[in-house]
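Participant: Once you've had a glance at the structure underneath, I'll fire off some questions.
The numbers here are math on the coordinates, done by the rules we state, and not lab data. Note that this is a predicted model, so its numbers are computed, not measured. Virtual Cβ from ideal backbone geometry, glycine too; neighbours counted across all protein chains shown.
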Amino acid sequence: MTVSAAALLAAPEDVTPGALGFFVVLALGVALYLLVRSMNKQIARIEAPSEEELKQADWERRRQEESGPRGPGDDAGPQRGP
């Protein structure tokens, strides 16, 4: 008994994804929903500095640069005489 290859191939209009295809797509959709929900929770936990805090830090950095570098011998305290 020989069966030709043409008899084994199904016609393209007879091929459907079926229940397995539906469940795979459904599982991917559920996984995507859970991942996005988890990502939103993680992003909400991030403590980013406000714009005012950034401006204050920038101002303090500029002020420090303008005053010049201070070394160990550059005391701002009272000078002691010899």
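Participant: With labels modelled as points extended 7 Å from the Cα through the Cβ direction, what inter-label distance (nm, one decimal) is found for Glu47 paired with Tyr33?
Facilitator: 3.4
Participant: At a 10 angstrom cut-off on C-beta neighbours, averaged per residue, how do the peptides 23-34, 41-52 rank from highest to lowest?
Facilitator: Answer by packing, highest mean first, reads 23-34, 41-52.
Participant: Would you work out if the stretch 18-66 is rounded, prolate or oblate? Take a ≥ b ≥ c from the square roots of the eigenvalues of the alpha-carbon gyration tensor; rounded if a/c is under 1.5, else prolate when a/b is larger than b/c, oblate otherwise.
Facilitator: Here the stretch 18-66 falls in the prolate category.
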